[in-house]
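Q: One structure is given below, represented as structure tokens, and several questions about it will come after.
The values are calculated or read from the model by the stated rules, or taken from the named source; none is laboratory data. As the structure is a computational prediction, the values presented were derived from the model and not from experiment. Cβ sites come from the backbone with ideal geometry, for glycine too, and all protein chains shown count toward neighbours.
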Protein chains: 2
Amino acid sequence: MRCLLIYDIPDDRVRTRIADFCLDYGLDRIQYSAFVGELSSNHQEELMLKIQQRLGNAAGKVELFPICRQDWRSRLSIEQSGPAVDGKEPGSGRR
Amino acid sequence: MRCLLIYDIPDDRVRTRIADFCLDYGLDRIQYSAFVGELSSNHQEELMLKIQQRLGNAAGKVELFPICRQDWRSRLSIEQSGPAVDGKEPGSGRR
């Protein structure tokens, strides 16, 4: 099942390590602290356990949301890379 | 319907303004750049339109995910405020 993982982790080294875990589990980085990908519920729990262990007692907030196909289809997004360089309009809309 | 809005917005003033929009629409801030709350699909589109207008041609990535009840119930989360002060164990698990 598709899932979205987001985090707020102040410590740079811990944050980087946890980003690596997400990539190791095949998730794609969609934003600075947000990852999306297909994970079974076992792998979701396994990843969160690994993150918990790596966090130790460091500060951090990590949330993993399963996202069903219907919800995924209804998502809305805006993505702009900044002032138009070659006159192209910034893109937006359902994806 | 419950929804989750996440964003990466480099410009501080734009980011602050868009956070205000999210709060104005009754969303709760769950992480530095993540908000959750109940919005009809009309209000979801209205909010994203407002965000798009405020972004103008500034750089930014904004994603809004509807989250159905079933998915919400299956979410996993870790929340720790940092080194235990009074010996309490950091909390984790399904919420």
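Q: Kindly provide the set of residues from segment B:6-47 that are small (Gly, Ala, Ser), under 18 Å from residue A:7 (Cβ atoms) and in contact with a Gly (Cβ under 7 Å, 6 or more places away or on another chain), ordered by number.
A: none
Q: Among B:26, B:60, which is under 16 Å from the mean Cα position of the chain (by Cα), at pLDDT 95 or above and buried (at least 16 other Cβ atoms within 10 Å of the Cβ)?
A: One residue alone meets the criteria, B:60.
Q: Tally up the residues in segment A:31-45 that are more than 7 Å from chain B (Cβ to nearest Cβ) and of a type in the set (A, V, I, L, M), please.
A: Matching residues across segment A:31-45 total 2.
Q: Can you name every residue in segment A:58-86 that is more than 7 Å from chain B (Cβ to nearest Cβ), among the hydrophobic types (A, V, I, L, M, F, W, C) and without any contact (Cβ under 8 Å) to a residue 12 or more places away in the chain?
A: A:85
Q: How many of the residues in segment A:48-68 are more than 19 Å from residue B:6 (Cα to Cα) and out of contact with any Leu (no Cβ under 7 Å at 6 or more places or on another chain)?
A: Qualifying residue count for the region: 11.
Q: Of everything in segment A:46-57, what is more than 7 Å from chain B (Cβ to nearest Cβ) and either hydroxyl-bearing (Ser, Thr, Tyr) or over 13 Å from the mean Cα position of the chain (by Cα) (or both)? Give them in sequence order. Before you say what the answer is, go through the steps one by one.
A: Residues of segment A:46-57 that are more than 7 Å from chain B (Cβ to nearest Cβ), as a first pass: A:46-47, A:49-50, A:53-54, A:56.
Once the filter is applied, which keeps residues that are more than 7 Å from chain B (Cβ to nearest Cβ) and either hydroxyl-bearing (Ser, Thr, Tyr) or over 13 Å from the mean Cα position of the chain (by Cα) (or both), segment A:46-57 yields A:46, A:49, A:50, A:53, A:54, A:56.
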